[in-house]
1. Scanning segment 11-20 for residues that are buried (at least 20 other Cβ atoms within 10 Å of the Cβ) and modelled with pLDDT under 90, which turns out farthest from residue 79 (Cα to Cα)?
2. Residues that are modelled with pLDDT of 90 or more and under 19 Å from residue 1 (Cα atoms): list the helices (runs of 4 or more DSSP H) wholly contained in segment 21-118 that include at least 2 such residues.
């Protein structure tokens, strides 16, 4: 059985990705591997990752076989994601993405961009509900 990998940090983008990953894992008959990074965009959210109980309970409610793995979050979180793809039987990676400005789109170093380019398996980038793309 292949695994759906969800890269998770407490945020609206990860919540949208969570919902998609759960639906996709059910559709595929897959297990779910959740990489919860300790490097949250908002330092107050790090506590939410450290206390895994709420996320563990939500995952248990999905009815899926799952593994919740907290990763320390290196300088580039893409390293953690790509390492898990190589080491585990991952068939799909799911990442939440946030709105990026036109300048932000040309800057290198985006985790989602690097994972999408370097991953040997398909990657789905999920936008939160109500996402409005920047005006051109």
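The values are calculated or read from the model by the stated rules, or taken from the named source; none is laboratory data. If you're wondering where the values come from, they're calculated on a predicted model, not measured in any experiment. Note that each Cβ is placed from the backbone with ideal geometry, even for glycine, and that neighbours are counted across all protein chains shown.
1. Checked segment 11-20; the qualifying residue farthest from residue 79 (Cα to Cα) is 13.
2. Details: elements: 46-50, 53-61, 77-87, 102-106, 111-118.
Where helices (runs of 4 or more DSSP H) fall fully within segment 21-118 and carry at least 2 residues being modelled with pLDDT of 90 or more and under 19 Å from residue 1 (Cα atoms), they are 53-61, 77-87.
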